[in-house]
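S.K.: Before I ask anything, here is the structure I am working with.
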Amino acid sequence: AKMPAYLMIANGRGPHPTIVMLHGLPGNERNLDIAQSLRRAGFNVLYFNYRGAWGAEGEYRFSHLAADAGAVLGFLRLNAADYRVDQLRLSVLGHSMGGFAALQAGAQDQRLQCVMAMAAANLGERAMLSQQELAGFSEYADSLYMLNGFSGRLAIGDIMSNAERVDLANLGPGLAGKAVLMITGNGDTVVPLAVQQRIAEAYAADPRIKLTALAIAGDHSFSQNRIELQRIIVAYAAQRCR
């Protein structure tokens, strides 16, 4: 399946450290302000749409997200010379469901330099919701017409059949040796701070994970705090991802 993407290439001959950006559900917030700031700091940044999302071919599934990210990372490695990509300095940065995808992809790809997640959604928490809460989530999923082949029934089935694998707190072994940044907004009502803290505590218990966990003022999209968010991510990437 073809996935639309575009690559922002940093100035200079390179090769440049390169970051793959992973959008949320359904992807209204694209975080391209952060992408431009990272490019200005010397990083290539690739943004894409998952299978079945926003005109991409195929069907959208939660269980596809990490594989889609892996396919993009594979594309960059295969075409590194053409796009001035440093294959040894590849990283992922995701927001919300993209944060989930970033941590999942990071746990599966041992060659990644660092993994950055903003307000990461944890599908393992969804598996513990009440029937009423699941019904509300299912209704929301049914409204996402920009996601091909997706529905609330399929979403919940995807979560329930993979409950342990979709709990981000269980990814510690795959993240060993990597730099991991987790940022959450302390006013986030979509993915509350307590959800992020449970994941961070699990990672902090493993000394092999180089974890930085931060809470800053902001809602789920950090809409009040975009400049601070950019500064944090660019500074972190400059120190850990190149």
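S.K.: With angles folded into 0 to 90 degrees, how steeply does helix 131-142 sit against the dominant principal axis of the chain? Use alpha carbons for both and round to 10.
M.R.: Value to nearest ten degrees: 50.
S.K.: Sticking with this one: Go through 172-180, 88-96, 72-80 and give me the packing order, highest mean Cβ count within 10 Å leading.
M.R.: Values: 172-180: 17.9, 88-96: 24.4, 72-80: 16.1.
In descending order of packing, they fall as 88-96, 172-180, 72-80.
S.K.: Assuming 0.36 nm per residue, please report the length gained on full extension of the stretch Asn170 to Arg30 beyond their Cα-Cα distance.
M.R.: On the way: separation 140, 0.36 × 140 = 50.40 nm, distance 2.71 nm.
Separation in residues times 0.36 nm, less the Cα-Cα distance, equals 47.7 nm.
S.K.: Could you give log10 I(q)/I(0) at q = 0.17, 0.18, 0.19 Å⁻¹ for the range 99-242, computed by the Debye formula over C-alpha point scatterers of equal weight, without solvent?
M.R.: -1.02, -1.11, -1.20
S.K.: Same structure, new question: Roll a 1.4 Å probe over the protein chains and send me the accessible area per residue for the range 37-161 in Å².
M.R.: Details: 5070 Å² over 125 residues.
In whole numbers, the range 37-161 has 41 Å² accessible per residue.
S.K.: Hey, another quick one. Return, for the Cα atoms of the chain, the radius of gyration and Dmax in Å, separated by a comma.
M.R.: 16.8, 55
S.K.: Sticking with this one: Among the chymotrypsin sites (Phe, Trp or Tyr not before Pro) within the range 90-185, which fall in a DSSP loop and have no more than 13 other Cβ atoms within 10 Å of their own Cβ?
M.R.: On the way: sites: Phe100, Phe137, Tyr140, Tyr145, Phe150; in loops: Tyr145, Phe150.
Answer in residue order: Tyr145.
S.K.: Still on this structure: Quick one: with all protein chains in place, what share of the accessible area of the chain is carbon or sulfur, to the nearest percent (1.4 Å probe)?
M.R.: On the way: 5380 of 10590 Å².
Answer for the chain is 51 percent, counting heavy atoms of protein chains only.
S.K.: May I pose another question? What distance in nm lies between label points placed 7 Å from Cα along the C-beta direction at Asn11 and Phe137?
M.R.: 4.6
S.K.: If you don't mind, there's one more thing I want to ask. Under 8 Å for C-alpha pairs, at least 6 residues apart: give me the relative contact order for the chain, rounded to a whole percent. Intermediate results must be reported in sequence, preceding the final value.
M.R.: Details: 489 pairs, mean separation 46.8, N = 242.
Reported relative contact order: 19 percent.
S.K.: Hey, another quick one. When the chain is fully extended, how far beyond the present Cα-Cα distance does Asn79 get from Ser223, taking 0.36 nm per residue of separation? Don't jump to the answer; show the numbers that get you there.
M.R.: Details: separation 144, 0.36 × 144 = 51.84 nm, distance 3.51 nm.
Between Asn79 and Ser223, full extension yields an extra 48.3 nm.
S.K.: Need one word for the range 21-80: rounded, prolate or oblate. Basis is the Cα gyration tensor (sqrt eigenvalues a ≥ b ≥ c); a/c below 1.5 gives rounded, then a/b vs b/c decides. Mind dumping the intermediate values first?
M.R.: Details: a/c = 2.59, a/b = 1.33, b/c = 1.94.
Because a/c hits 1.5 or more and a/b fails to exceed b/c, the range 21-80 counts as oblate.
The values are calculated or read from the model by the stated rules, or taken from the named source; none is laboratory data. Source: prediction; values computed, not measured. Heads up, the Cβs are rebuilt from the backbone with ideal geometry, glycines too, and the neighbour counts pull from every protein chain shown. Only protein heavy atoms, including side chains, enter the accessible area calculation; ligands, DNA and RNA are left aside. Shrake-Rupley method; radii C 1.70, N 1.55, O 1.52, S 1.80 Å.
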